[in-house]
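Here's the structure we're looking at; comments come further down.
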Amino acid sequence: MPSRRHAIADDLREKISSGRIKAGERLPSEAQLASDYAVSTATLRNALGILHGEGLVEKIHGKGNFVRYPLRRITYLGGGLTPRTKPSADSALRVSVRITNLQAHGQLIGLLGVSANSPLTEFFCLSHEEESPHSLARIYVPRDLAPTGVPTESPRYRSVEAKLAELRPPLAEIRERVSARPPTPEEAAVLRISSALAVLAITRVASDRTGRVVEATLLVLPGDRAEGFFTTHYMTDERTSGL
């Protein structure tokens, strides 16, 4: 016999899958649900925790629990000059940007190859598909390469990247590291995911022809819908191509 929390989760899951509770709809309050199911608030929260972990329900601070829109796959297109994700064809991607000037510290010193307290600019980019968070990226550039006029709201990420490239010299090398790890508390809250769900973390470092790191990007994608796709182009030696 299933436990009460699993029975409640099963019932709510069936209501969501059948459309009786629709995507984007707010669930009754936790107190009301606990009363409806005749269980303690703790048991009810454990049941909701199951649905949070499955990505069916998300909790928005100060607003309550909402049914998530269907999860769409996120494909990271690596190996190129710009860090890109490919959104679903049937949905619009919106990007909000927060700009902060700071000094190099911690892992930023090694990533950008600069001394401690060197002036940097951070571009914190949070993208959404419809009402659901899509991904987040922290882009760091040396202060002297930070452009002005970066839009705080944009319909697509590439327009933000175009502004970031204005002062950037031609790139000669891009290194990308991909790993899976638990989200930080901040990442879980911003992306509205369970702290038990792994994220796909991509660290991208771009250098110019002098070897100077001109951009470091820390990209975080929810692991329940993300994949990486990398293409390598080989150069053919013209002297031997006819052999």
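The figures follow:
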item	result
Total residues in the stretch 15-34, condition among the hydrophobic types (A, V, I, L, M, F, W, C) and farther than 15 Å from His52 by Cα	4
Test: Ser127 is touching a strand residue (DSSP E or B) at 6+ places or on another chain (Cβ under 6 Å) and either outside the structural domain of Ile202 (by TED's automatic domain parsing) or closer than 30 Å to Glu25 by Cβ (or both)	yes
From Glu30, Glu25, Glu54, Glu58, residue being of a type in the set (Asp, Glu), surrounded by 14 or more Cβ atoms within 10 Å (Cβ to Cβ) and modelled with pLDDT of 90 or more	Glu30
Residue, nearest to the chain's Cα centre (by Cα), within the stretch 1-30, restricted to residues that are without any contact (Cβ under 8 Å) to a residue 60 or more places away in the chain and closer than 20 Å to Ala189 by Cα	Ala23
Pairs, first under 18 Å from Pro2 (Cβ atoms) and in contact (Cβ under 8 Å) with a residue 12 or more places away in the chain in the stretch 31-43, second of a type outside the set (A, V, I, L, M, F, W, C) and surrounded by fewer than 17 Cβ atoms within 10 Å (Cβ to Cβ), C-beta under 6 Å, six or more apart	Val39/Arg4; Thr43/Arg4
Residues of the stretch 115-145 satisfying the condition of being without any contact (Cβ under 8 Å) to a residue 40 or more places away in the chain, surrounded by fewer than 19 Cβ atoms within 10 Å (Cβ to Cβ), over 30 Å from Val67 (Cα atoms) and of a type in the set (A, V, I, L, M, F, W, C)	Ala116
Criterion violated by Leu108 - all others in (1) in a strand (DSSP E or B); (2) over 30 Å from Val67 (Cβ atoms) satisfied	(1)
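The values are calculated or read from the model by the stated rules, or taken from the named source; none is laboratory data. Just so you know, these numbers come straight off a predicted model, no measurement behind them. With ideal geometry, Cβ positions are generated from the backbone for all residues, glycine too; neighbour counts draw on all protein chains shown.
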